[in-house]
Structure formats: structure tokens, C-alpha cells
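**Q** Let me give you the structure first, and then I'll get to my questions.
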Amino acid sequence: MTSDSSITRAVGDAPSIAVAGLGTGDPDQLTLGIWRRLQAAEAIYVRTEKHPMMDMLRGTGVPIRSFDRLYEQSASFPEVYDAIADELIRLAKGSTPPHAAAPPRVTADAAHAAAPPSTAQAPAAADGSGRAVLYAVPGHPMVAERTVQLLLERCPGEGIELTVLGGESFLDIAFTRLGFDPIEGFQLLDAGELKPHLLQPQLHTLVGQVYDAFTASDVKLTLMERYPEDHPVTIGHALGVAGEERIVTVPLYELDRGQDYGNLSLVYVPASADERLRSRSFDRLHEIVSILRSPDGCPWDREQTHQSIRKNFIEELYEALEAIDADDPDGMREEFGDVILQVMLHSQMEEETGAFTVYDVIQELNEKLIFRHPHVFGADGASDAGEALASWERMKAEEKRIKGRDADRVSVLDGVPKDLPALLTAYKLQKKASKVGFDWDELEPVLAKIEEELGEVREAAQLGDAEASAGELGDLLFAVVNAARFLDADPEEALARTNAKFKRRFLYVEEQLRINGTSFDQTDLLEMDRWWEEAKKRGL
């Protein structure tokens, strides 16, 4: 990062902008080529005067024009960077940037660019010719410098020749002062865009642009998603700047305490081989499952097939539902993991055949969620849950049409999984039939149908025909499911609640038997029914 090489976007004989890196603040590290360009310039435009090199620049006698005022006039940092790029382009084309009314000021207390207005500022106007502009930025222009990225995007379309000169990056000095080799594995992250999924504990991690204590607090909370609160982290202030450099190592929970953060501050988390730090990553789960299925893995796991563990999937789902019904967070955490394991095992089996991987599963799910939520990820809106559901169903149908999933379906009842519980299957079949008008309009005929089916059950039972009785009972249950649908009640959930209620009341009966020193064979239904009614009065 310290060479004098440059990146140039040439557009013939055209207005030009040259971007020079001022380095980290040590004058001895400024390249001779850049120093000569600075001395020969008619004016030097700097993104901010809050940089250790400014005293040296003033010594050149070259007029300095700062963009610090834009931080006071703009409502957000992206607006600041856009405004700087726009002014530089206008200067290069020989026009004077307009001075618009100032919107609300940036509220961040400190940033490497969010500085108070500088007394050295002058109006941002063309410097004479208005065609050759020298723009100086902290560090290296291609490292954590958004304004330069905007210029790279816009200058070709504006007919402006853009030259990006070298400069010492804060990375150069960080590698030296913090003592690690980036070839071991390294990532540079922006404090303002830091997300837990970006963190990889096995890599050396630098978090730049930690401007103030508020930003440091956000960084701390994000790091705590992957690291324990007492994990050591290193804070570097003004690395490489004589008399100002400070390097301290603190527990993670102290990251935002007692530090004088500024525009030259960063956070460093060394690479770690501690397996506990990888346990929160999806990649580690995928790795473990692939090891279990490998030739050197677990003999039992290697032998399993889709069919051999099919029932496990169902069992784990019901155990997860039980934890949900019990409102048991610890149980849910464990059971959800068991469900995910089943997905991982089945996906790993397909990965071994080359059909697909679990990452393909995730990709398809992500794309499906985005496609089916145009009211969230697109221009369409949804004012309530009903509109959102209608949008989901519409996009679901469109998705199936695009993929040709409905090509082999000849009935509106197709698409109901055959292994669903019978009550849920009845519910879904009735909903599908209802969509094409095969349904009652109100509840009363449904209730009458229940009474009719109940009478037929009685008749079959009186005849002593077991097979006929079972058939009529099925008709009765189907009619009851229909009533549940009209009452907006899921029959499976309704029956589950009743099962739980029955269990609570029966356990109360058992408890009373123990209290009274009796057993079931020493009591009668009359006494048990009395305790049952008592359980009802207690709200069980």
C-alpha cells in the first residue's frame, strides 16, 4: 500500500482529478512523488483537516481548501461523501459549486471526517483553471475512503481523468504495530457496517472507523455475538503518529469505556483457534456433519439413509412443538437444534451424491422469501396481515408457474403432503375445495352436518358393524374439522390443547388418589368424576 503506483482513468485531453494519500500521519512515510505533487499544486483540496499531516501541508504555502464544512451542513455521512464527490467533479469541470441551504447537521460526535468547521476553509470554488484538481485524503485512497469510490464510479461518465496515487494505509502500520501477518488470514471491517455474520474468529480482524464511544459500543455488542464478554481485544489510537500512538488491550466488555476514540482509532481482534468461538457459526455445523458422515466419522451416521432416519425428522418436529406449547425457551433452543440437525443430515446425504448442498437449500429459501414478499422487498405494499397473506399466496402461485411445479397437477386438491396428520390433511383439503366455491356459506349448515353424522354413528354402532362405525366416525371427524375451519380454529391445535387439558385434570385425579392413599382399583368412576370436576373448578 505504500508504493507510488497509481490508478488512472484517462479520458484524453480532459479535466482531471488526482487523489493523493496523506498516509497515517508520519511525515517520514509520505512518498516523495506525492510530496512533490502537493508542493506543485495550485490548491490542495482535503476531505478533512483533522489529520496529523495538516501542519506539514500548511508549510508548503499552497492554499488548502477543506470540505469539513459539509459535515456540518449534511444530515448523514453518505450525503457528505456524495456532496464532496459532486463538488470535486464541478471543480474539475471549471464550475463553481453552489452553496445550498444547510440541512440538519451530522449528529455523530466524532469521525475521521466528521470534524467541526475549520478556520482554514475557503469557499469551494474553481482555483483558477478549474481543470486540474488535487484532492488529498487520510491514509491510502483505496482503503476505507468512500469519496474515492464515488469518484471512480462517476468520473468516466463526466469525462474527467481520475488518477489515484499511492499512500501509506493505516493497514501498513497496523500490521507492524499490532504484530501480525495478514497472509495468516485477515479481514478488514467497517464499524458502521459491522454485522455478526461477517465475523470469522479464525481470521485476524481489524475494525476501522471506530470514531467515538457510541460506535465502539455498537462494535462491542456485535462482537459479543461471537466472542465471550471477557475476550481480549486491542484498541489502537493514532498508530504510527509520534507522541499520539496508544495501544491498549482490554476485555471486550470494556471496549466502550474510558477510551478517547477519534478519527485514527481502530479495534483489533487476533485470530483464534479456540473451537468454542466457531461453535456459533453455520459453517462449523456443516463441517461437523460432513465429518460425521465421512469414512473416518461415526459408523452409525455413515450407515443412515433418508428412509432410515425419516421417522427421526417427525419425532424431532413433535418434540419441538412440545417445547413451544410448554413455552420452554431452554427446551426450544435444544429441540430446534435437533430439527436443524435432521435438515443437515439429509442435505449432507445429497451433497455426497452431488445433487445439492445445504447451501443450495439456504439459497433457495432466501430467494423464495424475497420473491414471496414483494410487499417488503419490492415496490408493492401491504397494510395489514390479510393483504400480506394474499400477496404471499399470489407470489407462491406465480413461483410455481415459473418453475413448472403445477404441470403434473390435475386436481385442485393436489399438493397436500400424504404424511400429514389426518386432522391437518382434512383441514387443508377443505381449504383447497373452498377456494373454488365447494363450501357452505355459513356455520349453521356445518353444525347441522355434524348432527347428521353423529346420528349415523349411533345407527352404525347399534348395528354392531365395526367397519361401518369407523367409517361414520371418520365422516363425523371430517365434519368437525369443517366447523373448526369456519370458527378460524386449527383443529390440530384445538385438539392438542384439549389433550393437554385432559392430561392436567387426569394428573389431578391421580394426585388425589395418592393423597387419599388409594389406587384406581380401590375407587370408582363416581369418585374420580368428583375429583375431575374439582380440577375443572381449579382452572386445570
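The values are calculated or read from the model by the stated rules, or taken from the named source; none is laboratory data. Remember, it's a predicted structure, so these values are computed and weren't measured experimentally. All Cβ positions, even for glycine, are placed from backbone atoms using ideal geometry, and neighbour counts span all protein chains on display.
**Q** Just to be sure before I move on: is VAL164 surrounded by 17 or more Cβ atoms within 10 Å (Cβ to Cβ), touching a Ser or Thr at 6+ places or on another chain (Cβ under 7 Å) and of a type in the set (Val, Ile, Thr) in the structure I sent?
**A** Details: surrounded by 17 or more Cβ atoms within 10 Å (Cβ to Cβ): yes; touching a Ser or Thr at 6+ places or on another chain (Cβ under 7 Å): yes; of a type in the set (Val, Ile, Thr): yes.
Taking the combined requirement at face value, the residue satisfies it.
**Q** From the residues in the range 16-58 that are of a type in the set (Ser, Thr, Tyr) and more than 19 Å from ALA144 (Cα to Cα), which one is modelled with the highest pLDDT?
**A** Our first condition is that a residue be of a type in the set (Ser, Thr, Tyr); within the range 16-58, this holds for 16, 24, 31, 45, 48.
Among the residues that remain, those that are also more than 19 Å from ALA144 (Cα to Cα) are: 16, 31.
On the way: SER16: 93, THR31: 85.
Once the filter is applied, the top-ranked residue is SER16.
**Q** Out of the residues in the range 200-228 that are modelled with pLDDT under 95 and small (Gly, Ala, Ser), which is farthest from ILE183 (Cα to Cα)?
**A** So the residue we want is ALA213.
**Q** Starting from the range 449-466, keep only residues that are small (Gly, Ala, Ser), then list their pairs with residues that are surrounded by 14 or more Cβ atoms within 10 Å (Cβ to Cβ) whose Cβ atoms are within a distance under 7 Å, requiring at least 6 positions of separation or different chains.
**A** If the second residue must be surrounded by 14 or more Cβ atoms within 10 Å (Cβ to Cβ), the pairs left are ALA460/ALA468; ALA460/SER469; ALA460/GLU472; ALA461/SER469.
**Q** Within the range 78-98, does at least one residue satisfy the condition of being under 40 Å from the mean Cα position of the chain (by Cα) and farther than 24 Å from PRO156 by Cβ?
**A** No, the range 78-98 has no match at all.
**Q** Here is a follow-up. Quick check on my filter: what residues within the range 146-185 are among the acidic types (Asp, Glu) and touching a residue at least 60 places away in the same chain (Cβ under 8 Å)?
**A** Taking the range 146-185 and keeping what is among the acidic types (Asp, Glu), we get 153, 158, 161, 168, 172, 181, 184.
GLU158, GLU161, GLU168, ASP172, GLU184, listed by residue number.
**Q** Select from the range 113-137 the residues that are within 34 Å of the chain's Cα centre (by Cα) and modelled with pLDDT under 90 and list them in ascending order. Before you say what the answer is, go through the steps one by one.
**A** Initial filter on the range 113-137 (within 34 Å of the chain's Cα centre (by Cα)): 113-115, 137.
Listed by number, the residues that qualify are ALA113, ALA114, ALA115.
**Q** Kindly provide the set of residues from the range 229-256 that are among the small types (Gly, Ala, Ser) and under 17 Å from PRO270 (Cβ atoms), ordered by number. Before the answer, list the steps.
**A** Let us first name the residues in the range 229-256 that are among the small types (Gly, Ala, Ser), namely 236, 238, 240, 242-243.
The one that is among the small types (Gly, Ala, Ser) and under 17 Å from PRO270 (Cβ atoms): GLY236.
**Q** Which residues, counting only those in the range 167-183, are surrounded by fewer than 23 Cβ atoms within 10 Å (Cβ to Cβ) and of a type in the set (D, E, K, R)?
**A** Scanning the range 167-183 gives ASP172, ARG177, ASP181.
**Q** Which fully enclosed helices (runs of 4 or more DSSP H) of the range 425-540 have 3 or more residues being closer than 30 Å to ASP327 by Cα?
**A** Answer list for the range 425-540: 466-486, 491-515, 525-537.
**Q** Could you tell me which of the residues TYR253, TYR268, TYR261, TYR211 is more than 27 Å from PRO52 (Cα to Cα) and of a type outside the set (Lys, Arg)? First the steps, then the outcome.
**A** On the way: TYR268 fails: more than 27 Å from PRO52 (Cα to Cα); TYR261 fails: more than 27 Å from PRO52 (Cα to Cα); TYR211 fails: more than 27 Å from PRO52 (Cα to Cα).
Only one candidate qualifies: TYR253.
**Q** Just checking, how many residues over the range 289-348 are surrounded by 13 or more Cβ atoms within 10 Å (Cβ to Cβ), in contact (Cβ under 8 Å) with a residue 40 or more places away in the chain and over 30 Å from the mean Cα position of the chain (by Cα)?
**A** 2
**Q** Within the group VAL416, VAL410, which residue is β-branched (Val, Ile, Thr), outside any helix (DSSP H, G or I) and under 37 Å from the mean Cα position of the chain (by Cα)? Lay out the reasoning, then the answer.
**A** Details: VAL410 fails: under 37 Å from the mean Cα position of the chain (by Cα).
Matching residue, one of VAL416, VAL410: VAL416.
**Q** Taking VAL358 and the conditions (1) touching a residue at least 60 places away in the same chain (Cβ under 8 Å); (2) over 25 Å from ALA323 (Cβ atoms), which numbered condition does it fall short on, given that it satisfies the others?
**A** (2)
**Q** Could you check the range 222-287 for strands (runs of 3 or more DSSP E) lying wholly inside it with 1 or more residues that are in the same structural domain as GLN187 (by TED's automatic domain parsing), of a type in the set (Ser, Thr, Tyr) and surrounded by fewer than 16 Cβ atoms within 10 Å (Cβ to Cβ)? First the steps, then the outcome.
**A** Values: elements: 232-237, 246-251, 265-269.
Per the criteria, 246-251.
**Q** For the range 72-112, name all the residues that are surrounded by fewer than 20 Cβ atoms within 10 Å (Cβ to Cβ), modelled with pLDDT of 50 or more and touching a helix residue (DSSP H, G or I) at 6+ places or on another chain (Cβ under 6 Å).
**A** Residue satisfying the conditions is PRO97 alone.
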